[in-house]
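Encoded as structure tokens, the structure appears first; notes follow it.
Just so it is clear, none of the values below were taken in a lab; they were calculated from the coordinates. All of these numbers come straight from a predicted model, not from anything done at the bench. Note that each Cβ is placed from the backbone with ideal geometry, even for glycine, and that neighbours are counted across all protein chains shown.
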Amino acid sequence: MTTEIPILQIDGIEVLYEHSILAIRNVSLSVKKGQIVVLLGANGAGKSTTLKAASNLVRAERGEVVRGRIVYRGQEVTRSAPHLLAQDGLVQVLEGRHCFGQLTVEENLLAGALAHKVPRRQLLADLESVYAHFPRLKLRRKSLAGYTSGGEQQMIAIGRALMARPQLVLLDEPSMGLAPQIVEEIFEIIRQLNQREGTSFLIAEQNIGLALRYAQYGYVLENGRVVSEGSAGQLATRGDLEDFYLGARAG
Ligand code: ATP
């Protein structure tokens, strides 16, 4: 259930890579507790940078939030270490479904709990709860992740994030390169997690129609700025959103 309390508040941030490349400018957004929010925009619009600013993974790419602030669950976290944020329930699933190919599906999932010192019994219960959401992964638990399909690898990446018991998941382009049917399956699971466990999501996505069917609210980024926002219903009725992707508004 969505509340009015923000779980994540981004206020006017700027991100600079390598002290010189200004990737996003004055980006502000809010994710309420229990909400699914999407970030829409073309390649290079700044979606990944916005997510990585929130998880503070920009630092791993020589990036820095040089202006503005990020508040998670009421605390300023603009310069907090990513592992501390993860321990506190803010977890990012990077673009490109990163898996450890030489580890089994189950070992990949267990890796998601490493930052948390949880008793074995709880670990197994968490694993079963991930398998309940992703029955496909249970069937393939002993397979090497490197030999699973693209859709299964995306499920592993999300499942691994769930092992950290997240309150907010930052999800970067979950549909990328996947067949429409698998993408629907993944988004249905995201909806289930949101509705049953109250997990909030901030999702970067290029597939506008799909994203707006599952989200409650959306922001449109163009050239590193937020150029539009609204409820998913309002955005879905706009005829010009595709233009942001096709470059029709360039310049
Ligand atoms: P995509 O879907 O292609 O990832 P995006 O909307 O997520 O696009 P970003 O990846 O956030 O966009 O990129 C925003 C801008 O920042 C782009 O101009 C990009 O070239 C630049 N950028 C992104 N990552 C880096 C980096 N590690 N170093 C330098 N510049 C970067």
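The stretch between HIS98 and LEU22 holds 24.7 nm of extra length on full extension. This uses 0.36 nm per residue minus the Cα-Cα distance. Taken one residue at a time, the phi angles of the range 176-182 give Karplus couplings (6.51, -1.76, 1.60, θ = phi - 60°) of 4, x, 10, 5, x, 5, 5 Hz. Gly and Pro are set to x. Take every pair of alpha-carbon atoms less than 8 Å apart whose residues are at least six positions apart; their mean separation over the length of the range 6-241 yields a relative contact order of 29 percent. Within the listed set LEU221, LEU109, LEU210, the residue fluctuating most in the Gaussian network model of the chain (springs between alpha-carbon atoms under 10 angstrom) is LEU210. Between the helical axis of 150-162 and the longest alpha-carbon principal axis of the chain there is an angle of about 90 degrees. State log₁₀ I(q)/I(0) for the range 6-241 at q = 0.11, 0.16 Å⁻¹ as given by the Debye formula over alpha-carbon point scatterers of equal weight, solvent excluded. Computed log10 I(q)/I(0) values: -0.53, -1.14. The C-alpha atoms of the chain define a longest principal axis, and helix 120-133 lies at about 60 degrees to it. Using a Gaussian network model of the chain in which every pair of alpha carbons under 10 angstrom is joined by a spring, one finds that among GLU205, GLU222, GLU197 the greatest mean-square fluctuation is at GLU197.
Scaled to the globular estimate 2.2 N^0.38 Å, the Cα spread of the range 1-79, given as radius of gyration, is 1.08.
The string of couplings for the range 46-56 from the Karplus curve (6.51, -1.76, 1.60, θ = phi - 60°) is x, 5, 4, 4, 4, 5, 5, 5, 5, 8, 6 Hz, one whole number per residue in order, with x for Gly and Pro.
Only Lys, Arg, Asp and Glu carry charge here, each on its Cβ (+1 for the first two, -1 for the last two); on that basis the range 6-241 has a dipole of about 600 debye about its Cα centre. Within the listed set GLY68, GLY218, GLY89, the Gaussian network model of the chain (springs between alpha-carbon atoms below 10 Å) gives the highest mean-square fluctuation for GLY68. Expressed to the nearest 5 percent, the antiparallel share of DSSP beta bridges inside the range 6-241 is 60 percent.
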